[in-house]
Amino acid sequence: MSTVVRRDGQTTAAVLPLVLSWQQQDKPLPVRPVRAPGRSRARAIGQEAPPWHDSGPAGEPFDFCGHVRRLCQDIVRLCPELAHIDVARLLFGMTQARSGRRHGLQARVTPLRFHAGRLTRHRRGVAYQVQRYRVDQRDMLYLITFCLPRFLDQEFDDKFVTLFHELYHISPDFDGDLRRHHGRYDLHSHSKKDYDKQMSELARAYLATRPDPAMYGFLHLNFAQLQHRHGSVAAIVVPRPKLIPVSAAR
């Protein structure tokens, strides 16, 4: 049995692997349909998507993570501030929204390494490792999780700002750690307003390069419109990584 440290600081006993692996052929990443939360289900029916916003073939399930991955590949190609990111080492996933509220968690980036890219850290004399995620024998360095369908029901500009917000959290060293700012607020700048303004400017700069509209057309549509066009919206669902005592895991 291993003692697992949860994000809330509490501990629990469980047997968990140090490495979680998926293979496209033998053990593909788990994909789940996105559900409309309780009270919002009735109003999510019968909304047609404007045909000029491309989101892929109608009638086929909408692959949310695949579309976000392609968009991020284009963003890091055209945005110098994010050129250090290797999208092949990002794992995109979703967490199901429990309510139809528009406000709350939209997305988060979870680093899969500790400060300066270390695999372990010590706490009260015990060495801990964050679970490693490996896809097709490649170690992932970050897990970017979107709260669906809440994220899809934002306005277009807000979705772009959220996307840049999460990408910008990634360390310029791309070592599995987060970007750290000077001063008291090392992981977040001191002003959310200024941070959002900076992300908005980066999003506008990307759009000013005139990228293929097919890359971001889906962001113009909300969850109901995507569901109406495609029949369903699906996304990858993986557990949030745990901190595991290395000696206990061994």
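The values are calculated or read from the model by the stated rules, or taken from the named source; none is laboratory data. Please read all numbers here as calculations on a predicted model, not as lab measurements. Using ideal geometry, Cβ is built from the backbone for each residue, glycine included, and neighbour counts are taken over all protein chains shown. When the accessible area is computed, the model is the full protein with side chains, heavy atoms only, and any ligands, DNA or RNA have been set aside. Shrake-Rupley method; radii C 1.70, N 1.55, O 1.52, S 1.80 Å.
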Dipole of the chain, positive direction: furthest Cα of Met199, Thr95, Thr162, with charges on the beta-carbon: Thr95
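Summarise the accessible area of the chain (1.4 Å probe, protein heavy atoms) by the percent that is carbon and sulfur.
On the way: 6630 of 13670 Å².
Within the chain, the accessible surface is 49 percent carbon and sulfur.
Where in the chain is the longest stretch that carries no GluC sites (Glu not before Pro) classed as loop by DSSP and with at most 16 other Cβ atoms within 10 Å? Provide the component values of the computation, followed by the final result.
On the way: sites that count: Glu48, Glu155.
Of all site-free stretches, the longest is 49-154.
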Volume in Å³ per residue [convex hull over Cα atoms, computed for segment 57-126]: 195
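Please work out how much length the chain gains when fully extended from His122 to Glu201, using 0.36 nm per residue of separation minus the C-alpha to C-alpha distance, in nm with one decimal.
Details: separation 79, 0.36 × 79 = 28.44 nm, distance 3.89 nm.
Between His122 and Glu201, full extension yields 24.5 nm more.
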Helical contribution to [θ] at 222 nm, DSSP H n ≥ 4, -39,500 (n - 2.57), averaged over the chain, rounded to 500: -7000 deg cm²/dmol
Eligible aspartates and glutamates near Lys197 by straight Cα distance, threshold 20 Å, same-chain separation 8 or greater: Glu81, Glu155, Asp157, Asp158, Glu166, Asp186
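Stretch Val19-Thr209 to full length: gain in nm at 0.36 nm per residue minus the Cα-Cα span? Kindly include the intermediate steps, with their values, before the conclusion.
Numbers: separation 190, 0.36 × 190 = 68.40 nm, distance 3.95 nm.
Separation in residues times 0.36 nm, less the Cα-Cα distance, equals 64.4 nm.
Expressed in whole Å with the largest first, what are the equivalent ellipsoid semi-axes of segment 65-213 derived from the C-alpha gyration tensor as the square root of 5 times each eigenvalue? List each step's numbers first, then the result.
Values: eigenvalues 128, 64, 63 Å².
Those come to 25, 18, 18 Å.
Got the relative contact order for segment 72-152 handy, in percent, Cα pairs under 8 Å and 6 or more residues apart? If you can, show how the numbers build up before the last one.
Details: 107 pairs, mean separation 33.8, N = 81.
Here the relative contact order equals 42 percent.
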Computed E for Ala58/Gln96 - FRET, C-beta separation, R0 35 angstrom, nearest 0.05: 0.90
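For Cα pairs less than 8 Å apart in space and 6+ apart in sequence, what is the mean separation divided by the residue count of the chain, i.e. the relative contact order in percent? Could you put the intermediate results ahead of the total?
Numbers: 434 pairs, mean separation 90.5, N = 250.
Reported relative contact order: 36 percent.
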Over 27 Å [Cα-Cα, the chain], rounded percent: 41
Positive-end residue of Thr120, Pro172, Leu20, charge dipole of the chain with Cβ unit charges: Thr120
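For Pro213, what charge total do you get from the other residues with a beta carbon under 14 Å from its beta carbon, if Lys and Arg give +1 and Asp and Glu give -1? Write out the running numbers ahead of the final one.
On the way: positive: Arg70, Arg210; negative: Asp54, Asp74, Asp212.
Net charge around Pro213: -1.
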Accessible area of segment 63-212 divided out per residue, in Å², using a probe of 1.4 angstrom: 51
